[in-house]
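Take a look at the structure below.
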Amino acid sequence: MVFNLLHFVGESTLASLFRLGQAVRLLGRVVSGIPFIWRVRGETVTQMIRIGVDSLPLVAVTSAFTGMVLAVQTSYQIEEYVPQIFIAAAVAKATIIELGPVITALVISGRVGASIAAEIGTMRVTEQIDALEMMAIDPVQYLLLPRFFAGLIMMPVIVTYGCLIAVSGGWAVCVYYLGMSSTAFLEGMRQFVYPYDVYSGLFKSLVFGGTLTMVGCFYGYCTSEGAAGVGMAATRSVVTNCLLILMFDYFLAMLLFPVG
Amino acid sequence: MMPEGGPIIELKNVCKDLGGQRVLDRLNLSVERGETLVIMGRSGAGKSVILKHMVGLMSPDSGEVAFDGHRLSALDSRELQELRKRMVMLFQSSALFDSMSVGGNVSLGLRKHTRLGRDEIARVVERKLSAVGLSGTSAKMPAELSGGMRKRVGLARAISMDPEVVFYDEPTTGLDPITAGSINELILDTRNSLGVTGIVVTHDVASALKVGTRICLLDLGRIVFEGTPGQARQTDHPLMKQFLAGTAKVPGAAGKADSRL
């Protein structure tokens with residue numbers, strides 16, 4: 001019994017480390033191709049449209065509701081003890097440094113990360129990746145690099161767009177529901193939101209963009225066992241992305257916003 | 001141009017285990033320049049595994065695979081890519097890129113590895129498609145094609161780079177006899193007009209006898225019969241006879257059917 005348990009723990013640990021090693025090696029191969037990104041510029045632009053432009057409607061809806069609920073609940077929490085100007089500060093600041101990047105990344109990981117894993121996984125099980133290799137075309141540079149690079153570039157753009165909509169949603173609730181003036185809302189933002197907050201949010205989104213596309217690429221590239229394997233790759237991609245985004249969010253917060 | 005002399009592909013004592021089972025067992029095989037070697041064997045015998053070893057998509061657990069004198073295990077990825085420009089593969093599933101049109105599939109190698117202009121590439125694509133009887137289909141998507149048409153587009157893509165060696169993985173599997181016949185004709189045409197070396201993996205006996213200049217039979221990870229199509233027809237080798245007759249037991253022999261079937 002104890003031996004079986006130890007065996008299970010040991011085997012699982014080794015398998016996880018092996019997978020981590022594979023992922024890091026693959027990441028290294030992808031990153032080493034960035035100086036030569038111009039060779040796959042057509043595919044990169046296509047992916048930027050798929051990952052970025054096509055995600056805008058979904059991000060608009062999720063961001064608008066995030067901003068609005070943030071305004072309502074902040075108002076509820078602080079009640080009348082704190083001046084209303086702080087609601088604007090809380091909405092804008094929380095959106096820019098935390099909720100904008102994280103919620104957008106979680107939404108995009110469900111939409112884009114899973115789709116990348118399924119698409120590349122299907123190419124793997126239908127021998128299209130082998131066919132690329134046989135044509136002396138490196139599938140890592142041809143398939144993975146454009147998706148990774150597009151994620152890096154487009155995530156900060158999507159997050160900026162999402163934050164603008166979320167803050168606008170928060171403003172709408174403050175003005176039309178809580179009775180605050182637009183001037184007070186803008187004054188709250190001006191006093192408490194710093195350029196550093198914006199840079200930090202953008203840096204987070206850059207990391208999340210690289211993470212969610214790379215995780216999708218990794219699970220897709222390592223797919224085996226036919227259609228079931230493709231489904232599993234998509235599921236694993238979403239689950240891993242959710243975990244990694246929240247974990248990285250914590251470590252980035254410790255790094256970017258040290259206390260004391 | 002190919003350097004003269006010696007086999008183009010050589011497998012020496014190749015062993016490979018997959019899923020805890022020995023698939024290739026100290027396999028020795030060489031492919032001579034200009035011949036069309038057919039590797040036959042039952043489903044799951046390891047035919048496609050041999051092919052993937054020959055092109056470097058799989059590495060042996062032990063033993064050596066050499067292409068034109070270059071040991072594949074000693075090459076880095078860039079050198080292997082250079083070598084792969086001399087060989088192409090027609091996949092069992094055709095492996096067409098779903099996101100590209102037929103023309104995009106056939107022209108991909110030319111776009112990536114040559115400096116030909118757009119018009120010149122379009123001309124080459126049309127020529128290759130016309131060689132496989134699919135003239136005018138350049139704008140179609142792979143999803144719009146039948147199985148036989150997909151195989152032919154796969155062949156057009158394969159020969160678009162004027163290769164020295166073409167690997168065919170089950171080229172006629174799943175096709176009706178007439179379409180399979182046309183694929184066989186294309187394989188013969190490819191050899192006759194381009195002078196390429198061909199390696200065909202199949203369990204289609206009619207196709208093997210038609211396109212092969214030499215036939216090998218694989219069983220339990222080893223080559224158990226080797227000879228010309230004529231020798232294959234006349235051999236007393238029990239498994240080869242079974243293959244040709246398509247029976248569960250050796251023709252004319254008393255006894256039970258092969259328990260592995």
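The values are calculated or read from the model by the stated rules, or taken from the named source; none is laboratory data. Bear in mind that the values here come from a model prediction, so they are computed numbers and not experimental data. Here Cβ is always computed from backbone atoms with ideal geometry, including for glycine, and neighbour counts include all displayed protein chains.
Which condition from (1) assigned to a helix (DSSP H, G or I); (2) within 11 Å of chain A (Cβ to nearest Cβ); (3) surrounded by fewer than 19 Cβ atoms within 10 Å (Cβ to Cβ) is the one that B:M100 breaks?
(1)
Rundown of residues vs (1) within 13 Å of chain B (Cβ to nearest Cβ); (2) at pLDDT 90 or above; (3) crowded, with 24+ Cβ neighbours inside 10 Å, yes/no style:
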site: A:I120; (1), (2), (3): yes, yes, yes
site: A:F148; (1), (2), (3): no, yes, yes
site: A:A166; (1), (2), (3): no, yes, yes
site: A:A184; (1), (2), (3): no, no, no
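Of the conditions (1) among the charged types (D, E, K, R); (2) within 30 Å of A:W171 (Cβ to Cβ); (3) free of Cβ contacts under 8 Å to residues at least 40 places away in the same chain, A:R25 clears all except one; give me its number.
Only one criterion in (1) among the charged types (D, E, K, R); (2) within 30 Å of A:W171 (Cβ to Cβ); (3) free of Cβ contacts under 8 Å to residues at least 40 places away in the same chain is unmet by A:R25, namely (2).
Within the range B:104-114, does at least one residue satisfy the condition of being away from chain A (no Cβ under 14 Å) and surrounded by 18 or more Cβ atoms within 10 Å (Cβ to Cβ)? If you could, list the steps in order and put the result at the bottom.
Taking the range B:104-114 first, the residues away from chain A (no Cβ under 14 Å) are none.
Within the range B:104-114, none of the residues are away from chain A (no Cβ under 14 Å) and surrounded by 18 or more Cβ atoms within 10 Å (Cβ to Cβ).
Can A:T44 be described as in contact (Cβ under 8 Å) with a residue 12 or more places away in the chain and closer than 18 Å to A:G170 by Cα?
Considered against the rule, which asks whether it is in contact (Cβ under 8 Å) with a residue 12 or more places away in the chain and closer than 18 Å to A:G170 by Cα, A:T44 comes out as no.
So which residues in the range B:59-94 are part of a helix (DSSP H, G or I) and either out of contact with any strand residue (DSSP E or B) (no Cβ under 8 Å at 6 or more places or on another chain) or more than 14 Å from every other protein chain (Cβ to nearest Cβ) (or both)?
Answer for the range B:59-94, where residues must be part of a helix (DSSP H, G or I) and either out of contact with any strand residue (DSSP E or B) (no Cβ under 8 Å at 6 or more places or on another chain) or more than 14 Å from every other protein chain (Cβ to nearest Cβ) (or both): B:S73, B:A74, B:S77, B:R78, B:L80, B:Q81, B:E82, B:R84.
Which of the residues that make up the range B:97-117 are among the hydrophobic types (A, V, I, L, M, F, W, C) and within 17 Å of A:M134 (Cβ to Cβ)?
Of all residues in the range B:97-117, those among the hydrophobic types (A, V, I, L, M, F, W, C) come to B:97, B:100, B:102, B:106, B:108, B:110, B:116.
Hits for the range B:97-117 are B:F97, B:M100, B:V106, B:L108, B:L110.
For A:R50, indicate whether it is within 14 Å of chain B (Cβ to nearest Cβ) and either part of a helix (DSSP H, G or I) or among the basic types (K, R) (or both). Break it down stepwise before answering.
Details: within 14 Å of chain B (Cβ to nearest Cβ): yes; either part of a helix (DSSP H, G or I) or among the basic types (K, R) (or both): yes.
So A:R50 passes the test.
Quick check on the range A:142-165. Is at least one of its residues in a helix (DSSP H, G or I), in contact with a Phe, Trp or Tyr (Cβ under 7 Å, 6 or more places away or on another chain) and farther than 23 Å from A:L256 by Cβ? Outline the logic, then answer.
Filtering the range A:142-165 for residues in a helix (DSSP H, G or I) gives A:142-165.
Now narrow it down to the ones that are in contact with a Phe, Trp or Tyr (Cβ under 7 Å, 6 or more places away or on another chain): A:144, A:155.
Right, trim to farther than 23 Å from A:L256 by Cβ and you get A:144.
Yes.
All but one of (1) surrounded by fewer than 21 Cβ atoms within 10 Å (Cβ to Cβ); (2) within 26 Å of A:A228 (Cα to Cα); (3) more than 28 Å from the chain's Cα centre (by Cα) hold for A:L132; state the number of the condition that does not hold.
(1)
Can you name the residue in the range A:103-118 that is among the hydrophobic types (A, V, I, L, M, F, W, C) and surrounded by 21 or more Cβ atoms within 10 Å (Cβ to Cβ) and is also nearest to the chain's Cα centre (by Cα) among such residues?
First pass over the range A:103-118, keeping only residues among the hydrophobic types (A, V, I, L, M, F, W, C): A:103, A:105-108, A:112, A:114, A:116-118.
Subset that is surrounded by 21 or more Cβ atoms within 10 Å (Cβ to Cβ): A:105, A:108, A:112, A:114, A:116-117.
Details: A:A105: 3, A:I108: 6, A:V112: 9, A:A114: 12, A:I116: 13, A:A117: 15 Å.
For the range A:103-118, the residue satisfying everything is A:A105.
If A:L202 satisfies every condition in (1) more than 19 Å from A:L99 (Cα to Cα); (2) out of contact with any Lys or Arg (no Cβ under 8 Å at 6 or more places or on another chain) but one, which is the exception?
Condition (1) is where A:L202 drops out.
Give the residues of the range A:48-83 that are out of contact with any Phe, Trp or Tyr (no Cβ under 8 Å at 6 or more places or on another chain) and farther than 23 Å from A:F185 by Cα, sorted by residue number.
Hits for the range A:48-83 are A:M48, A:I49, A:R50, A:I51, A:G52, A:V53, A:D54, A:S55, A:P57, A:L58.
Please note which strands (runs of 3 or more DSSP E) are completely contained in the range B:144-238 and include at least 1 residues that are surrounded by fewer than 18 Cβ atoms within 10 Å (Cβ to Cβ).
Hits in the range B:144-238: B:214-219, B:222-227.
From the list B:G46, B:G20, which one is buried (at least 18 other Cβ atoms within 10 Å of the Cβ) and not charged (D, E, K, R)?
Details: B:G20 fails: buried (at least 18 other Cβ atoms within 10 Å of the Cβ).
Exactly one residue qualifies, and that residue is B:G46.
One residue is enough: does the range A:128-137 have a residue meeting the conditions away from every other protein chain (no Cβ under 14 Å) and either in contact (Cβ under 8 Å) with a residue 40 or more places away in the chain or assigned to a helix (DSSP H, G or I) (or both)? First the steps, then the outcome.
Within the range A:128-137, the subset away from every other protein chain (no Cβ under 14 Å) is none.
Within the range A:128-137 (the criterion being away from every other protein chain (no Cβ under 14 Å) and either in contact (Cβ under 8 Å) with a residue 40 or more places away in the chain or assigned to a helix (DSSP H, G or I) (or both)), the answer is no, since none of the residues qualifies.
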